[in-house]
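Presented below is the structure to which this report refers.
The values are calculated or read from the model by the stated rules, or taken from the named source; none is laboratory data. Only a predicted model underlies this, so the values are computations on that prediction, with no experimental measurement involved. Ideal geometry is used to build each Cβ from the backbone, glycine not excepted, and the neighbour counts take in all protein chains shown.
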Amino acid sequence: MTFVVIDKCIRCKYTDCVEVCPVDCFREGPNMLVIDPDECIDCNLCVPECPVDAIFAEDDLPEEKKDFIALNKKLSKQWPMITAMKPAPVDADQWKDVPDKLQYLEEN
Ligand code: SF4
Ligand code: F3S
């Protein structure tokens, strides 16, 4: 199993999650983080850290969010590691309640 970041992270990117990961498996894109499924040890520490509940155990993902399993896997091989918290985007709070943000994902 692995843990998975879903579109709730997009344009919020609060990065509280990276501080607690014992194996540094978060990867940073322009406006979202993902988890490298080959590194995640399923410790669950990151889940309560995310202010917008963007992280799920693979098995707990809602049906409509299952595509994020493959997306985390793919993007985690493209994006660099992030291990320290950084300031969120200035407009992050305006995006935290917006649903279905996949359309805003920036891959590069
Ligand atoms: Fe890291 Fe644990 Fe979260 Fe996996 S479940 S991403 S190992 S903090
Ligand atoms: Fe994203 Fe939540 Fe981490 S918004 S960067 S998954 S703390």
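Table for the structure above
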read-out: Subset of the stretch 70-98 (residues that are crowded, with 16+ Cβ neighbours inside 10 Å, closer than 19 Å to Glu39 by Cα and in contact (Cβ under 8 Å) with a residue 60 or more places away in the chain); value: Asn72, Ile82
read-out: Test for Cys50: is it of a type outside the set (S, T, N, Q), within 12 Å of ligand 1 (Cβ to nearest atom) and more than 19 Å from Val98 (Cα to Cα); value: no
read-out: Residues being charged (D, E, K, R), outside any helix (DSSP H, G or I) and more than 15 Å from Cys17 (Cβ to Cβ) - total across the stretch 73-108; value: 7
read-out: Positions within the stretch 22-64 being assigned to a loop (DSSP other than H, G, I, E, B) and farther than 13 Å from Val4 by Cα, in sequence order; value: Pro22, Val23, Asp24, Gly29, Pro30, Asn31, Pro51, Val52
read-out: Unique match (being within 7 Å of ligand 2 (Cβ to nearest atom) and surrounded by 15 or more Cβ atoms within 10 Å (Cβ to Cβ)) among Glu28, Glu39, Glu49; value: Glu49
read-out: Filter result (within 8 Å of ligand 1 (Cβ to nearest atom) and either surrounded by fewer than 18 Cβ atoms within 10 Å (Cβ to Cβ) or modelled with pLDDT under 95 (or both)) within the stretch 1-23; value: Val20, Pro22, Val23
